[in-house]
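Student: I am attaching a structure below and will ask some questions about it afterwards.
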Amino acid sequence: MATALAAVLRETGGDLQLEEIELNEPGPGQVRVQLAATGVCHSDLSLATGVLPHPVPVVLGHEGAGRVVEVGPGVTELEPGDPVVLNWTPPCGECWHCQHQEPYLCPVAGEEAKQTPYAKLGDGTPVHPGLGTAAFATETVVGANSCVRVADDVPLEKVALLGCAVLTGAGAVFNAARVRSGESVVVFGLGGIGLSAVQAARIAGAEQIIAVDPVAEKAEIAQRLGATDFLEASSDVAKQVRELTGGRGADHAFECVGRADTIRAAWSSTRRGGQATVVGMGAASDQVSFNALEVAYFARTLRGCMYGSTDPKTDIPVLLDHYRAGRLDLDSLVSEQIGLSDIGEAFDQMRAGNGARRLINFN
């Protein structure tokens with residue numbers, strides 16, 4: 001059996017520990033993938049702390065790319081050596097949502113993989129794959145349907161971020177809100193997802209792109225990626241957005257944080273008849289409130305957006321075309337390249353709101 005070095009979370013709220021694990025052999029419809037790079041996402045932190053529940057022990061990490069090294073019985077669409085991006089929410093292809101072109105809303109996407117142990121610790125304890133992918137490790141075993149094959153012309157450490165941050169942020173702009181040329185956009189939260197939304201708004205032709213974040217140092221990168229204005233998050237940020245948009249508010253607001261207060265601010269920053277799209281995944285206990293009058297009076301649309309409303313098999317190639325053409329900057333999304341042992345520090349930096357994405361580079 002193959003072994004891998006992995007960052008293991010033995011208990012919710014604990015620290016990740018580097019351990020050697022023994023991977024299961026790829027079963028029917030499964031493949032073993034050697035990781036080249038994995039992004040550290042805020043969802044990983046939420047899983048580690050229990051904000052999002054997950055069985056333990058677990059190897060987290062879901063924003064990865066690598067090469068197939070072994071295929072299980074019945075796998076015909078992939079072969080050893082193929083470069084792939086991991087899809088942490090592979091749809092079933094059979095439910096109502098999948099049959100109506102909404103694979104991102106599949107109610108059973110990846111559920112079996114998340115619950116089924118894919119490896120074991122040295123003492124024989126079964127290990128669960130975080131979000132079905134377990135990409136905080138040198139190798140993983142996933143379903144072939146969790147792999148999106150990509151072309152060989154783009155380095156895998158660059159395309160790893162397509163697996164979550166870029167798909168989610170850009171997809172929210174392109175697919176959910178359908179931003180049009182000449183419209184105005186405000187983006188709340190400038191992590192990897194928010195900065196991807198900023199870039200997508202620029203690519204879509206938005207005339208004004210307002211970036212909002214509590215960390216003033218993020219103004220430079222936001223403006224480099226397409227923001228026309230930067231606002232430091234505050235209690236009156238919605239008023240400031242309206243002042244920048246002729247007193248109306250933005251045509252589109254994107255909330256990329258996942259908190260009640262920023263959802264409320266995004267809603268209030270949107271013009272009458274505009275759209276506020278919630279991309280961030282928050283806690284079930286964090287309640288957002290609206291009064292009965294404003295909902296009808298402002299005639300705004302408040303929508304949720306799961307995984308950028310994307311189908312990775314079709315949307316990742318489109319994003320790669322934008323990258324090849326120089327429209328999508330993946331390099332600037334990476335604040336720092338780190339080793340597997342540095343995930344704890346990456347979580348600390350994420351809590352502090354510093355930087356965009358930290359990328360584990362296994363090479």
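Student: Under a plain spin-label model, where a point goes 7 Å from the Cα along Cα-to-Cβ, how far apart in nm are Glu22 and Asp321?
Tutor: Those two pseudo-labels are separated by 4.8 nm.
Student: Then there is this: Is region 1-108 best put as rounded, prolate or oblate by its Cα gyration tensor, with a ≥ b ≥ c the root eigenvalues, rounded for a/c under 1.5, and otherwise prolate when a/b is larger than b/c, oblate when not?
Tutor: Details: a/c = 1.95, a/b = 1.13, b/c = 1.73.
Oblate is the answer for region 1-108, as a/c is 1.5 or above yet b/c matches or exceeds a/b.
Student: Here is a further query. Taking Rh as the Kirkwood radius computed over C-alpha pairs, what is the Stokes-Einstein D of the chain at 37 °C in a medium of viscosity 0.692 mPa s, expressed in µm² per second?
Tutor: Numbers: Rh = 20.6 Å.
Here the translational diffusion coefficient equals 159 µm²/s.
Student: Over the chain, calculate the relative contact order: mean separation of alpha carbon pairs under 8 Å at least 6 apart, over the residue count, as a percent.
Tutor: Details: 883 pairs, mean separation 63.0, N = 363.
About 17 percent, as a whole number.
Student: At 7 Å along Cα-to-Cβ for each site, give me the label-to-label distance between Arg303 and Glu94 in nm.
Tutor: The answer from the label model is 3.0 nm.
Student: Limiting things to C-alpha atoms, what are the Rg and the maximum Cα-Cα separation (Dmax) for region 166-306, in angstroms?
Tutor: Calculated on Cα positions, Rg and Dmax stand at 13.4, 40 Å.
Student: Tell me, what HN-Hα J-couplings in whole Hz come from the Karplus equation 6.51 cos²θ - 1.76 cosθ + 1.60 at θ = phi - 60° for each residue of region 204-213, using x for Gly and Pro?
Tutor: Values, residue by residue: 6, x, 4, 7, 10, 10, 9, 9, 10, 7 Hz.
Student: Run a plain Debye calculation on region 263-363 (Cα atoms as equal point scatterers, no solvent) and give log10 I(q)/I(0) at q = 0.14, 0.16, 0.19, 0.24 Å⁻¹, rounded to two decimals, same order as the q list.
Tutor: The Cα Debye sum returns log10 ratios of -0.87, -1.02, -1.13, -1.20.
Student: Return the single residue from Ser184, Ser46, Ser234 with maximal mean-square fluctuation; model: Gaussian network over the chain, springs between Cα atoms under 10 Å.
Tutor: Ser234
Student: In addition: Using θ = phi - 60° and the Karplus curve 6.51 cos²θ - 1.76 cosθ + 1.60, what whole-Hz ³J(HN,Hα) does each residue of region 190-197 get, with Gly and Pro shown as x?
Tutor: Rounded to whole hertz, the list is 10, x, x, 5, x, 5, 5, 5.
Student: Name the residues whose placed amide hydrogens come within less than 5 Å of the amide hydrogen of Phe254, ignoring near sequence neighbours (fewer than 5 apart) on the same chain.
Tutor: Val186, Val187, Phe188, Thr277
Student: If you place +1 on the Cβ of every Lys and Arg and -1 on the Cβ of every Asp and Glu, how big does the dipole about the Cα centre of the chain come out, in debye to the nearest 20? Don't jump to the answer; show the numbers that get you there.
Tutor: On the way: 27 positive and 44 negative charges, 264 e Å.
Dipole size: approximately 1280 debye.
Student: Here's another thing I want to ask about it. Where the centroid of each part is defined by its Cα atoms, how far is region 104-152 from region 289-363 in Å?
Tutor: 21 Å
Student: Using only DSSP helix segments of four residues or longer, with each worth -39500 (n - 2.57), what per-residue ellipticity at 222 nm results for the chain after dividing by its residue count and rounding to 500?
Tutor: Values: 12 runs with 93 residues, N = 363.
Taken over the chain, the calculation gives -7000 deg cm²/dmol.
Student: So, one more: Relative contact order of region 265-314: what whole-number percent is it, with Cα pairs under 8 angstrom and at least 6 residues apart?
Tutor: Working: 41 pairs, mean separation 25.1, N = 50.
Reported as a whole number, the value is 50 percent.
Student: Oh, and also: Report ³J(HN,Hα) in whole Hz for each residue of region 65-72, in order, from the Karplus equation J = 6.51 cos²θ - 1.76 cosθ + 1.60 where θ = phi - 60°; Gly and Pro get x.
Tutor: After applying 6.51 cos²θ - 1.76 cosθ + 1.60, I find 9, x, 10, 5, 10, 7, 10, x Hz.
Student: Using a 1.4 Å probe and ignoring any ligands, DNA or RNA, find the accessible area of Tyr307 and quote it in Å² to the nearest 10.
Tutor: Estimated to the nearest 10 Å², Tyr307 gives 10 Å².
Student: Can you give the FRET efficiency for Val295 and Ser181, using 1/(1 + (r/R0)^6), R0 = 30 Å, r = Cβ-Cβ distance, to the nearest 0.05? Could you put the intermediate results ahead of the total?
Tutor: Numbers: r = 29 Å, r/R0 = 0.96.
Calculated value: 0.55.
The values are calculated or read from the model by the stated rules, or taken from the named source; none is laboratory data. Not measured: the values here are computed from a predicted model. Backbone-built Cβ (ideal geometry, glycine too); neighbour counts: all protein chains shown. All accessible areas refer to the heavy atoms of the entire protein, side chains included, with ligands and DNA or RNA removed. Shrake-Rupley method; radii C 1.70, N 1.55, O 1.52, S 1.80 Å.
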